[in-house]
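Worksheet for the structure shown next.
The values are calculated or read from the model by the stated rules, or taken from the named source; none is laboratory data. In this text, all values refer to a predicted model and were calculated from it rather than measured experimentally. Ideal geometry is used to build each Cβ from the backbone, glycine not excepted, and the neighbour counts take in all protein chains shown. Areas reflect the complete protein model, heavy atoms only, side chains present, ligands, DNA and RNA absent. Shrake-Rupley method; radii C 1.70, N 1.55, O 1.52, S 1.80 Å.
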Amino acid sequence: MSYAEVIMFDIAFISYNEAKADQNWNVLKNRYPYAMRTHGIKGIHQAHIVAAKEAVTDMFWIIDADAVLVNGFELCYMPKKEDRDAVHVWRSKNPINDLEYGYGGVKLFPRLATENMDTSKPDMTTSISEKFILMPDVSNITAFNVDEFSTWRSAFRECAKLSSKVIDRQKEDETNARLKTWTTVGHDRPYGKYALAGATAGMEFGLSRGPDLRLINDFEWLKEQYNANI
């Protein structure tokens, strides 16, 4: 099957300073030659807005820099016409604790809604559109455990969002179970102790009185928190 037959929407690979970003980009580019890379844009919201402006199709795929696509997963899904304004998120497998849910998964975003997103929302994915569709398949492994800080930072950000209950449409029992897993499972995995430390610190931050959740998207602030906690 040719590339043109497989790909219906533009593909955006978004990277900042991830340790294996170049490696993962080369794998994706080899598989999908017309993929585009958005690199070095400060701010997660801003990076996705730039990617949306570079795309021309009405929806576009988002591949994070630490995503390793699983065998058999293809970027060829075509939503129904009435769902073209919905955010679609596939599941990802966490290499530290084996959780499988939308964290770090491949996403299919409506382009115009992404360009005009509310940048004040700490969880971008669930706030771009009022319509959110969680896809059942696992798309990738979120290989964030490549060094001490990257591992700690990823766990901190996710658990701050989970514990503060800011994610739109989240289910409390499900969220609490994920928090428990993040903060207790995986110490024997590569960089596992940094994941648990980041998860615990992020949970405490999210539960603190009046936390400014916008800070979790400020990587310089996160580095300061890491240095103060480790």
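Could you tell me how far the Cα centroid of segment 49-78 sits from the Cα centroid of segment 83-161, in Å? Cα centroid to Cα centroid, the span is 12 Å.
The stretch between LYS42 and MET78, if pulled fully straight at 0.36 nm per residue, gains 9.9 nm over its current Cα-Cα span.
Which of the lysines could a cross-linker span from LYS171 if the Cα-Cα distance has to be under 24 Å and same-chain partners fewer than 8 positions apart are dropped? Cα-Cα hits under 24 Å: LYS93, LYS107, LYS121, LYS131, LYS161, LYS180. Within the chain, which is the longest segment that contains none of the chymotrypsin sites (Phe, Trp or Tyr not before Pro) sitting in a DSSP loop with at most 14 other Cβ atoms within 10 Å? Answer - 74-230.
For ASP66, neighbours were defined as the other residues whose beta-carbon sits under 10 Å from its Cβ, and their charges (Lys and Arg +1, Asp and Glu -1) total -1. Look at the alpha carbon pairs under 8 Å that are at least 6 residues apart: their mean separation over the length of the chain gives a relative contact order of 19 percent.
The trypsin sites (Lys or Arg not before Pro) of segment 171-205 that DSSP puts in a loop, and whose beta carbon has at most 10 other beta carbons within 10 Å, are LYS171. Residues SER164, SER120, SER139, sorted by accessible area with the largest first, give SER120, SER164, SER139 [1.4 Å probe; ligands and nucleic acids excluded].
Plainly put, the chain has a radius of gyration that is 0.94 times its Kirkwood radius, both from alpha-carbon atoms, as the Rg/Rh ratio. Loop-located GluC sites (Glu not before Pro) in segment 157-230 (DSSP state other than H, G, I, E, B) with a sparse environment of at most 12 neighbouring Cβ atoms within 10 Å are absent.
Once C-alpha pairs closer than 8 Å and six or more residues apart are averaged by separation and normalised to the residue number of segment 156-208, the relative contact order reads 55 percent. Remark: the chain carries a charge dipole of roughly 80 debye about the Cα centre, counting +1 on each Lys and Arg Cβ and -1 on each Asp and Glu Cβ. Taking every protein chain into account, the accessible area of the chain amounts to 49 square angstrom per residue (probe 1.4 Å). With a cut-off of 12 Å between beta carbons, the residues surrounding GLY105 carry a summed charge of -1, where Lys and Arg count +1 and Asp and Glu -1.
The equivalent ellipsoid that matches the C-alpha gyration tensor of segment 72-181 spans semi-axes of 23, 17, 14 angstrom, in descending order.
For segment 87-161, trypsin sites (Lys or Arg not before Pro) are listed when DSSP marks them as loop and at most 16 other Cβ atoms sit within 10 Å of their Cβ; the list is LYS131. Here the chain exposes an accessible surface that is 49 percent carbon and sulfur, computed with a 1.4 Å probe and the other protein chains kept in place. Counting only aspartates and glutamates at least 8 places from LYS53 when in the same chain, those with an alpha carbon closer than 13 Å to its own are ASP10, GLU115. Using the rule -39500 (n - 2.57) for each DSSP H run of four or more residues, divided by the residues of the chain, the 222 nm mean residue ellipticity is -11500 deg cm²/dmol.
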